[in-house]
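Every number here is computed from the coordinates shown, using simple stated rules; none is lab data. Worth saying up front: this structure is predicted, and the values here are computed from it rather than measured. Glycine gets a Cβ as well: all are built from the backbone with ideal geometry, and neighbour counts include every protein chain shown.
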Amino acid sequence: MSDSNPAPSLYAPREPIFPRRVSGKFRNLKWVIMAVTLGIYYLTPWIRWDRGPSLPDQAVLLDMANRRFYFFWIEIWPHEFYFVAGLLIMAGLGLFLFTSALGRVWCGYACPQTVWTDLFILVERWIEGDRNARLRLHRQKKLDFRKARLRLTKWAVWLLIGLATGGAWVFYFADAPTLARDLVTGNAHPIAYTTMLLLTGTTFFFGGFAREQICIYACPWPRIQAAMMDEDTLVVGYREWRGEPRGKGKRTPDSQLGDCIDCMACVNVCPVGIDIRDGQQLECITCALCIDACDDMMAKIGKPRGLIDYMALSDEENERAGRPPKSVWKHILRPRTILYTSLWSLVGLGLLFALFIRPDIDLTVAPVRNPTYVTLSDGSIRNTYDVRLRNKHGEERPFQLSVKGDPSMRIQIEGSPDDKVTVPADTAHLTRVYIEAPKGAPPSSAASTPVRIWVEDLKSGERAYKDTTFNGRGN
């Protein structure tokens, strides 16, 4: 290609977006959701929960050092990770369900990127003014004292929000009051400071500068959502048959103009900077702010609300013909959403069932294979096992071990004169156990004999067992 016709650039530089303030039912709903989600995130680590003298009193705690997850009265151990996996499956199915019913409603209302971006825009509007004032400040080339003061003030507040975000995150992994004191006095672990610094920087950049770029380019969900949606999904759309031809001017029978006066209110409030009148687009996060802006304008010019609204593609033909669309519930309750709801409910019920039937004591048995058995001087045969006892109570408990399989077998605990062991509160205790078959016991025809090791909580009477094998009987 000649120099006079250079190749077009494949990269389009970002054009900053300055959404205008809008009020309405969807904007109010977003304020409520933002307040609730941020309140949960920032305040949850400070909720106390009494579990006894030897256990942490933080309601929600990811205790990585002791490999525990505490959630109010629920305690998840490492071998119970299937609860976490089940919750992740439920989250995925829930996302599929809401997307199938209402489009990218998660992205528009509850996604952390959306919530923090809304908060950062609120700060920006509070300091620099609404859309027109921020546009003038952005287009001002000269960096005078006022512009520098506003920018530095805005960035300082953003950094404080980012710092609070990173601080709240690390509080989920340690006792919040103790860690807060250590952070202030400089005694916290370097990992805590590193994590806070990283999250402060990412929150500051994602919420303050990247904003819609994260939703459009970094997040994979816009590319996946099409598989979750169909012609009955309710999404934000523009009633072209009612609004076109758009234009300004007085509406008369001779003007042939539609209801859209081309005021650009829907574009000016959009946090991703698109024109919903061009149809459904990958960038749209279904936040519905354009609905509030358009409804407000329709009310001012005396036209019916709903020019921009939640609607389904399957209703287009009826609406163009002047017939009423299907009810909202007919769009929501359809085979796809019912299937997602059923799967979500089944996983949830399964987790609840597993939670309520899990025992407060548990054990694992690992036979020591080197050697598989030992012949003692009196002719008896000994097998060695590593037994891990889990005491999930908030107090230490005495346990008694026994073996079932052959009445002649006897069990012995290393370091203990009998078959009893005391396990501290909320602890997995590893102990070495010996099972012996005396000389002269009836031999087995096989090289190994199945046995069952029982453990009994001597305080509550609760029992648990694990099956294993005893080697050497056939010799």
Which label in [x] 1.06; [y] 1.43; [z] 1.01 gives the computed Cα Rg over 2.2 N^0.38 Å: [y]
Order the peptides 203-213, 392-402 from the highest to the lowest mean number of other Cβ atoms within 10 Å of their residues. 203-213, 392-402
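Sort V328, V123 so the one with the fewest other Cβ atoms within 10 Å of its own Cβ comes first. Working shown, then result.
Numbers: V328 13, V123 20.
In order of increasing Cβ crowding within 10 Å: V328, V123.
Run the numbers on the chain and let me know its relative contact order in percent, using alpha-carbon pairs under 8 Å that are six or more apart.
Worked out over the chain, it gives 14 percent.
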Once the in-chain neighbours fewer than 8 apart are removed, the aspartates and glutamates whose Cα is under 19 Å from K392 read D50, D57, D63, E75, E80, D360, D362, D426, E456, D457, E462
Return the lysines within reach of K248: Cα separation strictly under 26 angstrom, same-chain partners fewer than 8 residues apart disregarded; answer none if there are no such residues. K300, K303
Taking only Cα atoms, what is the 0 to 90° angle, nearest 10, from helix 176-185's long axis to the longest principal axis of the chain? 80
Alpha-carbon centroids, segment 385-442 and segment 90-153: separation in whole Å: 60
Counting alpha carbon pairs within less than 8 Å and at least 6 residues apart, what relative contact order, in whole percent, applies to segment 228-336? 33
Too long for a 30 Å Cα-Cα cut-off, among K250/K326; K439/K466; K147/K250, are K250/K326; K147/K250
Could you give the angle, 0 to 90 degrees to the nearest 10, between helix 82-102's Cα long axis and the longest principal axis of the Cα atoms of the chain? 20
In terms of Cα to Cα distance under 16 Å, which aspartates and glutamates are near enough to K30, apart from those fewer than 8 places away along the same chain? D118, D292
For T422, list long-range residues whose amide hydrogen, built 1.01 Å from N in the peptide plane, is under 5 Å from its own amide hydrogen. F399
